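What follows is a set of notes on a single structure, which appears directly below.
What follows draws every value from the coordinates through simple rules; no lab data is involved. Note that the structure is a prediction, hence the values are computed from the model and not measured. Cβ atoms come from the backbone with ideal geometry, glycine included; neighbour counts cover every protein chain shown.
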Amino acid sequence: MVGQGTSPSFDIQHEEPTSTLVAGFAEFGLAGLTAANYVTETLELERTGHIGVEQLPAVTPFENGTPRHHTRLFSKPDLDITVVVGELFVPPYAAEPFGNALLDYTDEHGVEDIVVLSGVPIQHGPDDHRAFYVASEDYQSARLDGDHGITAMPGGFLDGINGELMERAVDSTLKACVLTTPVHQQVPDIDAALRLIGALDSVYDLDIDTGPLEEFAETLAEQYEELAARLESQREEMRPEDRMYM
């Protein structure tokens, strides 16, 4: 039986590495995943790779009867950004090997920036409906030295994939950032996804049209509701501690 005593392994296959890697994963509210998926559609990115996994319960999404990889990489020749759309829930015990696989990939292919789009389920008021960042100092100097309308997260802890990536970034040349925002239980949290897209756009000047986002999210609603139910079930079984706060 696969469980916390078994170490999963991840294999990244990608044809066209770029200097910036942007990722959205399956987590509460699915805001980061929705944002990443929308970016690939709006920028007309093509699937150029995927991430496989062993020793971890996997899902195989499908649409119109056709299956696809649960974690896919998208890019295009005239844009120096790769977007990771991760529909596989990575439990806390698998965060380290998954983070290591991503970081080995960034080292091998000369990736300079890695950005994770991530919603966080925390208590908040209306004034907190905005984007925040947690970023390595070199990322802040390179990308956030200006008026981007993104606020530094005052304090807290990062765990899971975000924590693994940021821990490595502290002592390496990789510039890393988590763009985050409070999320609600509805799936997908469109408003939260919109804030994450706006934050990413303000940093990288991608000229993303967010007008069709609600319609796009509706097309994913049924699929993502099922994914959210699976995610919540696994969260309850593993009871990870959410320690990130404002």
Cross-chain or 6+ apart pairs with Cβ under 7 Å, the range 195-206 first and aromatic (F, W, Y), then crowded, with 20+ Cβ neighbours inside 10 Å = Y204/I81
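Please enumerate the residues belonging to the range 127-166 that are assigned to a strand (DSSP E or B), of a type in the set (G, A, S) and surrounded by fewer than 20 Cβ atoms within 10 Å (Cβ to Cβ).
Result: A152, single match.
With L103, L117 as the choices, which residue is surrounded by fewer than 23 Cβ atoms within 10 Å (Cβ to Cβ) and either part of a helix (DSSP H, G or I) or touching a residue at least 60 places away in the same chain (Cβ under 8 Å) (or both)?
Details: L117 fails: surrounded by fewer than 23 Cβ atoms within 10 Å (Cβ to Cβ).
After ruling out the rest, the residue left standing is L103.
Hey, can you tell me all the residues within the range 26-48 that are in contact with a Lys or Arg (Cβ under 6 Å, 6 or more places away or on another chain) and in a loop (DSSP other than H, G, I, E, B)?
L45
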If F62 satisfies every condition in (1) touching a residue at least 24 places away in the same chain (Cβ under 8 Å); (2) over 18 Å from the mean Cα position of the chain (by Cα); (3) surrounded by fewer than 14 Cβ atoms within 10 Å (Cβ to Cβ) but one, which is the exception?
-> (1)
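Among the listed residues A58, A23, identify the single one that is of a type in the set (G, A, S) and either touching a Cys at 6+ places or on another chain (Cβ under 6 Å) or in a loop (DSSP other than H, G, I, E, B) (or both). Step through it out loud before you land on a result.
Values: A23 fails: either touching a Cys at 6+ places or on another chain (Cβ under 6 Å) or in a loop (DSSP other than H, G, I, E, B) (or both).
Checking each option against the conditions leaves just A58.
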